[in-house]
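Colleague: Below are the structure tokens for one structure; questions will follow.
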Amino acid sequence: MNKPQTFAPATLQDALDTAGGAINLLRSSQLGTTIFPGIPAEFTNWRDEQRAWKESVALLEQTYHMTEVHVRGADALEFMSRLSTNRHDNFTTMRAKQVVMCGPDGRMISDAVVFREEDDFMRVVGPPTAANWVEFNATKTDLNVTSTRDENFIRPRARRDVFRFQVQGPNALPLMQEVTDGTLPDIKFFHMGAFKIAGRDVRAVRHGMAGTPGFEVYGDWDDQAAVREAVERVGAKYKLRKAGSVTYGTAAQESGWMPRPLPAIYETDDMAEYRAWIPAQSFEAAGSLGGSYISDKIADYYVEPYEVGYGNLVNFDHDFIGRAALEELKLNQKRRKMTLIWNNDDVFRVLKNSLRTDGPRTKFISLPVPMYSSFQADQVLSNGKPVGVSNWMSYSSNAGAVLSTALMDIEHAVVGNEVTLLWGEPNSRRSTVEEHELTEIRATIAPVPYYDKTIKKD
């Protein structure tokens, strides 16, 4: 007797239809926390690797996990202008921009960093959510552009177009001046410079991922061995530490960047064509939604540019996807991004109870990254009432505590106030989440960024 044939979903929309909607799809995903490929979890130890970007200099690897899309053509600038909220009339060559991309409803799909190397060539570097949106729109546009994807190393490959790493910390500038034999140009914030390391041509963007001064260096794939050897050799003088993959995942916390919001693509009719284009093997389809914030509406997990601190990146002097909606959202802001400092006594209690054998367990807190899903959303309470959602968290050796980035109702976003974070995932459908009881963790509201940035913004 022939068995009935089964068909694997081909697109995100197929996966949504099979699962019965976005909540079911994402809440049942067995994908756990993000694993950054290509490097060990720790080169030395994550505590000292974290402290390096505050006290000396850290090397943060980006070669293997960042997805790149190369946008080429006479209309490359206009194409990216239509996709992103940012001002583009000042986007000259040898500059970079952190761009914000939204759907027609004004809610975020992704952000990314765009490097404009030539008049007709831009690198879009960031998460796969950004790459997918750029590629999709490149297939639809009437502008003179083409897009080519340079995939990350989630599936290992022989090579990529470029290697890429950051050096961050108070010793980053003297290290770069010495390793370039004094040829390092004066690079302004988010501008690019071209120079040599070990006789090889490289480029760098001046910025700071961990809230401290730094450079993002990249160059031809075949030159990386010589460049890395020189940076590490000279870096020993400046107490350079290479950050492992587990450390890298914590680098954004102190600067308050929210690296991976849930893309606002799962429900509205005007995103149907995109859902039918994006593969079922995409991160958007395979990713997991976890945490104690529970809603049956996927839109409740979306974020808006203003509430995550990107208001200064929204410019209405050009037409872009989501412009009309953002003009309305600007006038009706309801949440504000804040830092939560978790109470150490409560964290230690939860850790102890998560390992007990004589009674109900609490959800384990993995250090330095407590997140156990692709898209984390934990309920924040004040006097037992919902007042916010915590989205991104990690332990900071510099702060001596777990910090999380939360979107708080504006009236409750008061620095110094104590709130409660509900820890755990009720009725979890995922084998990656152990049986446990929900518990509360006290937290104190602090500013974003947690530390004042010391990046030179000239």
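The values are calculated or read from the model by the stated rules, or taken from the named source; none is laboratory data. Here the structure is a predicted model, which means the values were calculated and not measured. Quick reminder, even Gly has a Cβ in these numbers, built from the backbone with ideal geometry, and neighbours come from all protein chains shown. Protein only, heavy atoms only, side chains kept; ligands, DNA and RNA dropped before computing areas. Shrake-Rupley method; radii C 1.70, N 1.55, O 1.52, S 1.80 Å.
Colleague: Return the total of residues in segment 365-404 being out of contact with any His (no Cβ under 8 Å at 6 or more places or on another chain) and within 23 Å of Asp296 (Cα to Cα).
Modeller: Residues meeting the conditions: 18.
Colleague: Report, by residue number, each residue of segment 163-182 that is assigned to a loop (DSSP other than H, G, I, E, B), touching a Lys or Arg at 6+ places or on another chain (Cβ under 9 Å) and open to solvent by 10 Å² or more (accessible area, probe 1.4 Å).
Modeller: Across segment 163-182, the qualifying residues are Pro170, Asn171, Asp181.
Colleague: Then there is this: So which of Asn383, Asn398 is open to solvent by 30 Å² or more (accessible area, probe 1.4 Å) and in contact with a Lys or Arg (Cβ under 8 Å, 6 or more places away or on another chain)?
Modeller: Asn398
Colleague: For segment 404-418, check the following and say yes or no: at least one residue is open to solvent by 10 Å² or more (accessible area, probe 1.4 Å), within 25 Å of Pro360 (Cα to Cα) and either part of a loop (DSSP other than H, G, I, E, B) or not acidic (Asp, Glu) (or both).
Modeller: Scanning segment 404-418, I find no residue that is open to solvent by 10 Å² or more (accessible area, probe 1.4 Å), within 25 Å of Pro360 (Cα to Cα) and either part of a loop (DSSP other than H, G, I, E, B) or not acidic (Asp, Glu) (or both), so the answer is no.
Colleague: Would you check which residues across segment 336-364 are of a type in the set (A, V, I, L, M, F, W, C) and in contact with a His (Cβ under 6 Å, 6 or more places away or on another chain) and list them?
Modeller: Passing the criteria: none in range.
Colleague: Condition first: β-branched (Val, Ile, Thr) and open to solvent by less than 10 Å² (accessible area, probe 1.4 Å). Can you find one or more residues in segment 48-66 that meet it?
Modeller: Looking for residues that are β-branched (Val, Ile, Thr) and open to solvent by less than 10 Å² (accessible area, probe 1.4 Å), one finds at least one in segment 48-66, hence yes.
Colleague: Another question about this same structure. What is the one condition in (1) assigned to a strand (DSSP E or B); (2) touching a Ser or Thr at 6+ places or on another chain (Cβ under 7 Å); (3) among the β-branched types (Val, Ile, Thr) that Val202 does not satisfy?
Modeller: Answer for Val202: the failing condition is (2).
Colleague: Quick one: count up the residues across segment 144-162 that are closer than 30 Å to Phe320 by Cβ and surrounded by fewer than 15 Cβ atoms within 10 Å (Cβ to Cβ).
Modeller: 5
Colleague: Mind listing whichever residues of segment 93-110 are touching a residue at least 60 places away in the same chain (Cβ under 8 Å), in contact with a strand residue (DSSP E or B) (Cβ under 9 Å, 6 or more places away or on another chain) and open to solvent by 10 Å² or more (accessible area, probe 1.4 Å)?
Modeller: Met94, Arg95, Lys97, Gln98
Colleague: From (1) farther than 18 Å from Asp75 by Cα; (2) basic (Lys, Arg); (3) not in a loop (DSSP other than H, G, I, E, B), pick out the condition that doesn't hold for Arg155.
Modeller: Exception for Arg155: condition (3).
A quick yes/no check of all residues on (1) within 26 Å of Trp392 (Cα to Cα); (2) touching an Asp or Glu at 6+ places or on another chain (Cβ under 8 Å); (3) free of Cβ contacts under 8 Å to residues at least 40 places away in the same chain:
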| site | (1), (2), (3) |
| --- | --- |
| Ala236 | no, no, yes |
| Ala264 | yes, yes, no |
| Ser282 | yes, no, no |
| Ala285 | yes, no, no |
| Glu304 | yes, no, no |
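Colleague: Could you tell me whether Asn45 is more than 22 Å from Ala204 (Cβ to Cβ), open to solvent by 10 Å² or more (accessible area, probe 1.4 Å), without any contact (Cβ under 8 Å) to a residue 40 or more places away in the chain and more than 18 Å from the chain's Cα centre (by Cα)?
Modeller: Against the criterion (more than 22 Å from Ala204 (Cβ to Cβ), open to solvent by 10 Å² or more (accessible area, probe 1.4 Å), without any contact (Cβ under 8 Å) to a residue 40 or more places away in the chain and more than 18 Å from the chain's Cα centre (by Cα)), Asn45 qualifies.
Colleague: Residues to consider are Gln253, Gln281; find the one that is among the polar types (S, T, N, Q), closer than 30 Å to His207 by Cβ and not in a helix (DSSP H, G or I).
Modeller: Only one candidate passes the filter, namely Gln253.
Colleague: Here is a further query. For residues that are crowded, with 17+ Cβ neighbours inside 10 Å and out of contact with any helix residue (DSSP H, G or I) (no Cβ under 9 Å at 6 or more places or on another chain), tally how many sit in segment 76-92.
Modeller: Summing the residues that are crowded, with 17+ Cβ neighbours inside 10 Å and out of contact with any helix residue (DSSP H, G or I) (no Cβ under 9 Å at 6 or more places or on another chain) in segment 76-92 gives 3.
Colleague: Could you please find all residues in segment 183-217 being at pLDDT below 95, β-branched (Val, Ile, Thr) and open to solvent by less than 60 Å² (accessible area, probe 1.4 Å)?
Modeller: Ile187, Thr212
Colleague: Give segment 11-38 a look and list any residue that's outside any helix (DSSP H, G or I), over 19 Å from Pro263 (Cβ atoms) and either at pLDDT 95 or above or open to solvent by 50 Å² or more (accessible area, probe 1.4 Å) (or both), or say none.
Modeller: Listed by number, the residues that qualify are Gly20, Gln30, Ile35, Gly38.
Colleague: Can I ask one more? Just to be sure, is Glu434 open to solvent by 70 Å² or more (accessible area, probe 1.4 Å), in contact (Cβ under 8 Å) with a residue 24 or more places away in the chain and within 21 Å of Leu289 (Cα to Cα)?
Modeller: no
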